[in-house]
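Okay, structure first, notes after.
The values are calculated or read from the model by the stated rules, or taken from the named source; none is laboratory data. Everything numeric here is computed off the predicted structure, so don't read it as measured data. A quick note on method: Cβ atoms are made from the backbone with ideal geometry, for glycine too, and the neighbour counts reach across all protein chains shown. For the accessible areas, the whole protein counts, side chains as well, though only heavy atoms, and no ligand, DNA or RNA atoms are used. Shrake-Rupley method; radii C 1.70, N 1.55, O 1.52, S 1.80 Å.
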Amino acid sequence: MSKRKGTSVSENPNKRSRSVNESENAADSDQEDPILSNLQCGAEVVSDAGIVESITLKNFMCHSLLGPFTFGSNVNFVVGNNGSGKSAVLTALIVALGGNAQATNRGSSLRGFVKEGESSADVSITLRNKGRDAYKPEVYGSAIILDLRITRDGLRTYKLRSKSGQLISTKKDELVSILDNFNIQVNNPVSVLTQEMSKYFLHSKGEGDKYKFFMKATQLEQMREDFIYIKTTKHLTEDKVEQHSECLKDLKRKYLEKEDRYRSLASLDEMHTKLEELQKQMAWALVTEMEKDLEPMKEKLQADRRSTEKYDDKVNEWKNKVDEAEKKYKQVQEQLERITQQVQELQPKCAELKTESQKRNNLLKSSEVTVHRCKANLRDLEKDKTQLMSRIKDLKLSISQKTGAESKARAERIEQIQTELENLKHQISTVGQQIDQYQHAISRAKEEQGKMRREQEVLQRSIEANRRNLQTMESSRSNRLRRFGEQMPALLNAIQESHRRGHFKHRPRGPLGYLISLKDPELALAVEVCLKGQLLAFTCDNYEDEKVLQGLMAKMFQGGRRPSIITSNFISQVHDTRKKAVSHPSYPSVLQALEIEDPVVANCLIDQKGIESILLIKNRTEARRVMQSKSPPANCIHAFSKDGDQIFANRSYAAEQTRANYLSGDVEEEIRHLQRELENQKGQASRFQQQMRKLDDDVKQNEGLLRRAHQDQRTIKDKATKLQLELTDLQNVEEPQSEDLRPLEEDLHEIITKIKSKRTELDEGQAQMADLKGSYEKAEQEYKQHKECINTIAEEADSVKEDLSKTDQEVIKCKHHKKHYDEKRSAHLHNIQTLEGNLKSKEKEYEMSVAKAKEICLERVESRRSARSLDSEISRLKLKITSQKEQQGDREEIVRQYHEALESYKNMTQQMKNLNSFIKSLDSVMNHRLQAYAELRRFLSARCKYYFDSMLAQRGYSGSMIFDHKNETLSISVQPGQGNKADLSDMRSLSGGERSFSTVCFVLSLWAITEAPFRCLDEFDVYMDMVNRRISMDMMLKVAASQRYRQFIFLTPQNMSSVPESKIISILRLKDPDRGQRNTQRSEDEDQ
């Protein structure tokens, strides 16, 4: 079945689907609605693509020229008497659109359509090409012009032109594509219904004819014929396959016989051919092997040349780093020199202050000796005074017995006053000493308080640090990583996740202290003091990774101190430190004392701290002896004792840290130690508080005693003043004295004078001693402050010295890296030169090998085998050829027979395979198509019944349509009466007009279930009376009005004067024929 016939029925079920719906609406509309209202409604509707716009006939049948006829887009009546050319127009339309001569019922061949006396006939048809179904509108435009020429020999040629007249194609395939696109079916009686076809099918009284008409109209007949043809072809193919099976066995037997003979004779030629081929392959295999050797050398040379720039960059990078490190070293050295100069400038002043303090201390001691001597002299004078006064008293007693009671009483009073005055002087001196003692005690207690407060603050900070360390140690029981910080596990998890997602080029390492372990646990404190902040540090390969790690740390350590990050290229091997590492037979370096699995971590510690150049000596004294001897170990920067003391060649520093926090092995022991230390510190803090309270009590008590002593001093001084006045008055009273008392009294007076002098001297000495003491304390305080300033500067110098040492290590490291890359660059350039020389030598050998290979075989031969394998195969083949040369015979006939048998067997095998595959595919397709065919036939039959009933109902008829697909009959019964009042009658019992009307209803129902852009009916009303003609015409006009996207062409000999006026109706009136000239003049197009 052709493509066009197949698509007209089964394909594009949605194409122009509005025809069915609008036909149903037209059939179900109110019968009282006049047809005129449908013809006169609205504006003109433009038809869909594929309708006939015009047709022109030249020398066709008996007409010299017909047309051009311009058709309307909806309803067209071609009116004319017999012989005017109506049937010629319809025939030309069928022939031009691909129909055969038999379909026109006007001739048996195309040559019969050429006018007598002419060599050819021409037909030109213009098809509309607008809308969504337009065919190649960009090529043809809005219309397609189809020119057909039929020669006298019956040949048919086509010319397909665009609207502008440009020739597009002359192929029949292009016409078939256009007809398929527009769904034009000129051989379908529903699309084009000629008089003969109408007589044969519609006016026949046989039920089988009507069924055939239905099958032909819906193209089901074509599908059935195709299925029958396919089934017949299948049976023929199966028979052919069975016949070929027997032939195939014979062919195979003959082929095997010929093959045995051929192989026995053809083996020598094959071996010669194979030998030549192997020799060619051998020659070029040698070339290929040399190319394979050359390619890696070229690639390596190119890669080495590209990497030279990287070495240059590395050398320049480390050169810049050396310059920066040396600049920083110079800055730190200048800073240390400035600090040293400050210390040197302060040293003379410090020595001067120390000398002054010692001088004032000597003066104070001398003054104290003078005071003590004065006190001793004063005691002696007091003793002499007492003895002399006792003698005078005795003498006065004897005199008083003579002079009377008054003198005696005055003397006693004087003696009493003097005694009281002496006592008061002793009390004043004692109180003064007490005041000095109280003031000194208060000052000493306050100094002690300040010292204890400072010690208490230091102790409190130590307690807090130990608490944090204890908490870290306790959390590190289950996870050692927590010893380096609570956030460390989360940070390492984040680093691992980011590395898995590809955020890091190389996974960062850290904390470094977590990635190392000690061989000797006793050296934990020494290693920890040596590495210091590096234990918590991380290392990255590049600055991009460093930025990512900084971002992760910012999230984990919010507001706290972050671990430092060291950026250096990761190297998979540990640095070679044999040249710069310290080597001692008894003591290890830090690098030797550590177990480091990751080379990146080891290289980082070597670069940053120079651990290969630091010795670990457990005993401090032994460390000083080794490091500060005349010949310290070579390459040794400094050493550490197990207590963490740092020993240089000319100095040493004690460690502030007493325990290892990160590297200690026994966590439980560390926890117990920290707990004991916390308990001791808490006890010490408690004792500090008790001492502070005691000191506060002592200060308060001494201040109270000082106030009372000052008050007692003032009271005693007032009392002494009063007694001194009274004594003066009593002494001024003249008394007769004996001459014996005068020398004693003079001696007593002299002693008293000396006592006063000594007391004055003692007071002056004590005052001087107090002044000297204050001066000494002031000088000592000034000296201590100056000394503290020097110590502060010295401590700053120590940190600067440490920075200087680090900077020096950095300079050494940078110089080492620069030297390393300089050596690698030199070695790299040397390798390039060597490789270039080797490459030139290889290229010369390669050119010679290529020349030899071309002598053997000019064109290159590729082979996957090695040259050694080919050489072995050549040797073996030569021996085999030598042994078989004697067996050569008549070969040509056997070779020819073998190839013929082989070709026949292959062809027959392939044919069998193809036929079996074809039969299998055909069975599957046929089963599916037959099911679809039955379903489509049932569906079209049901729709045809529905539309037929609707058409009959418009005139008040009732009828039935019975399909018998098994017997292939179609029974149509019509009753002109109302509904079921009368029994249905066969169409043969109807009058001629009624039967014609029923036939029209049948045609319209077939129109409703088939698709075509135009419909043609030739003299459809010839057997109708006026009433049925009018009713049939109204029905067809009503259907046409509801399907304005289709074109209807009606050929009739009637004058159509009764057709209502409408813009959608065109009437083409053909002039009556001129029997003399047998041509038709022109046509008239009247748009009503």
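Within the stretch 891-936, the only residue that satisfies the criterion of being open to solvent by less than 50 Å² (accessible area, probe 1.4 Å) and basic (Lys, Arg) is Arg891. Residues of the stretch 390-434 that are open to solvent by less than 60 Å² (accessible area, probe 1.4 Å), modelled with pLDDT of 80 or more and not small (Gly, Ala, Ser): Ile414, Glu415, Ile417, Gln418, Glu420, Leu421, Glu422, Leu424, Ile428, Val431. Outside any loop (DSSP other than H, G, I, E, B), open to solvent by 10 Å² or more (accessible area, probe 1.4 Å) and among the polar types (S, T, N, Q), is that true of Ser108? It is false that Ser108 is outside any loop (DSSP other than H, G, I, E, B), open to solvent by 10 Å² or more (accessible area, probe 1.4 Å) and among the polar types (S, T, N, Q). Annotation: of all residues in the stretch 328-347 being open to solvent by less than 80 Å² (accessible area, probe 1.4 Å) and more than 60 Å from the chain's Cα centre (by Cα), the one that is farthest from Gln768 (Cα to Cα) is Val343.
Here the condition is being modelled with pLDDT of 85 or more and of a type in the set (Gly, Ala, Ser); of Ala655, Ala634, Ala685, Ala660, it holds for Ala634 alone.
With the requirement that a residue be assigned to a loop (DSSP other than H, G, I, E, B) and touching a residue at least 12 places away in the same chain (Cβ under 8 Å), what does the stretch 946-966 give you?
To start, the set of residues in the stretch 946-966 that are assigned to a loop (DSSP other than H, G, I, E, B) comprises 954-957, 965-966.
If the condition is that a residue be assigned to a loop (DSSP other than H, G, I, E, B) and touching a residue at least 12 places away in the same chain (Cβ under 8 Å), then Gln954, Arg955, Gly956, Tyr957, His965 are the ones that fit.
Can you confirm whether the stretch 872-879 contains a residue that is under 25 Å from Glu299 (Cα atoms) and out of contact with any Asp or Glu (no Cβ under 8 Å at 6 or more places or on another chain)? Looking for residues that are under 25 Å from Glu299 (Cα atoms) and out of contact with any Asp or Glu (no Cβ under 8 Å at 6 or more places or on another chain), one finds none in the stretch 872-879, hence no. Please go through the stretch 756-778 and give me each residue that is of a type in the set (Ser, Thr, Tyr) and open to solvent by 50 Å² or more (accessible area, probe 1.4 Å), ordered by number. Ser757, Thr760, Tyr776, listed by residue number. Of all residues in the stretch 1005-1019, those that are under 15 Å from Ser1042 (Cβ atoms) and in a strand (DSSP E or B) have Cβ atoms under 9 Å from Cβ atoms of residues that are open to solvent by less than 10 Å² (accessible area, probe 1.4 Å) and hydroxyl-bearing (Ser, Thr, Tyr), 6 or more apart or on another chain, in Arg1015/Ser191. The condition of being more than 56 Å from the chain's Cα centre (by Cα) and farther than 27 Å from Glu207 by Cβ holds for only one of Met926, Met912, that being Met912. All conditions but one from (1) of a type outside the set (Asp, Glu); (2) part of a helix (DSSP H, G or I); (3) on the phi > 0 side of the Ramachandran plot apply to Gly131; the one that does not is (2). When His272 is tested against (1) touching a helix residue (DSSP H, G or I) at 6+ places or on another chain (Cβ under 6 Å); (2) modelled with pLDDT under 80; (3) open to solvent by less than 80 Å² (accessible area, probe 1.4 Å), only condition (1) is not met.
A single entry from Leu66, Leu57, Leu90 fulfils the requirement of being assigned to a helix (DSSP H, G or I), in contact with a strand residue (DSSP E or B) (Cβ under 8 Å, 6 or more places away or on another chain) and either modelled with pLDDT of 85 or more or surrounded by 22 or more Cβ atoms within 10 Å (Cβ to Cβ) (or both): Leu90. Listed by first and then second residue, the pairs linking a residue in the stretch 535-557 that is touching a residue at least 24 places away in the same chain (Cβ under 8 Å) and open to solvent by less than 20 Å² (accessible area, probe 1.4 Å) to a residue that is assigned to a helix (DSSP H, G or I) and hydroxyl-bearing (Ser, Thr, Tyr), with Cβ atoms under 9 Å apart and 6 or more places separating them unless they lie on different chains, are Leu535/Tyr514; Leu549/Ser498. Please determine whether any residue of the stretch 1029-1050 is out of contact with any Cys (no Cβ under 8 Å at 6 or more places or on another chain), polar (S, T, N, Q) and either open to solvent by 10 Å² or more (accessible area, probe 1.4 Å) or in a strand (DSSP E or B) (or both). Yes, there is a match, as at least one residue in the stretch 1029-1050 is out of contact with any Cys (no Cβ under 8 Å at 6 or more places or on another chain), polar (S, T, N, Q) and either open to solvent by 10 Å² or more (accessible area, probe 1.4 Å) or in a strand (DSSP E or B) (or both). Taking the stated definitions as given, is Gln279 open to solvent by 40 Å² or more (accessible area, probe 1.4 Å), polar (S, T, N, Q) and within 30 Å of Ser875 (Cα to Cα)? Judged against the criteria, Gln279 is a match.
For beta carbons closer than 8 Å, sequence separation of 6+ or different chains, a first residue in the stretch 283-311 that is touching a residue at least 24 places away in the same chain (Cβ under 8 Å) and a second that is of a type in the set (A, V, I, L, M, F, W, C) and open to solvent by 80 Å² or more (accessible area, probe 1.4 Å), the qualifying pairs are Ala283/Ile856. Scanning the stretch 1055-1088 for residues that are assigned to a loop (DSSP other than H, G, I, E, B), of a type in the set (S, T, N, Q), open to solvent by 20 Å² or more (accessible area, probe 1.4 Å) and modelled with pLDDT under 50 gives Gln1077, Gln1081, Gln1088. Just checking, which of Ile716, Ile637 is under 59 Å from the mean Cα position of the chain (by Cα), among the β-branched types (Val, Ile, Thr) and surrounded by 13 or more Cβ atoms within 10 Å (Cβ to Cβ)? From the options Ile716, Ile637, the qualifying one is Ile637.
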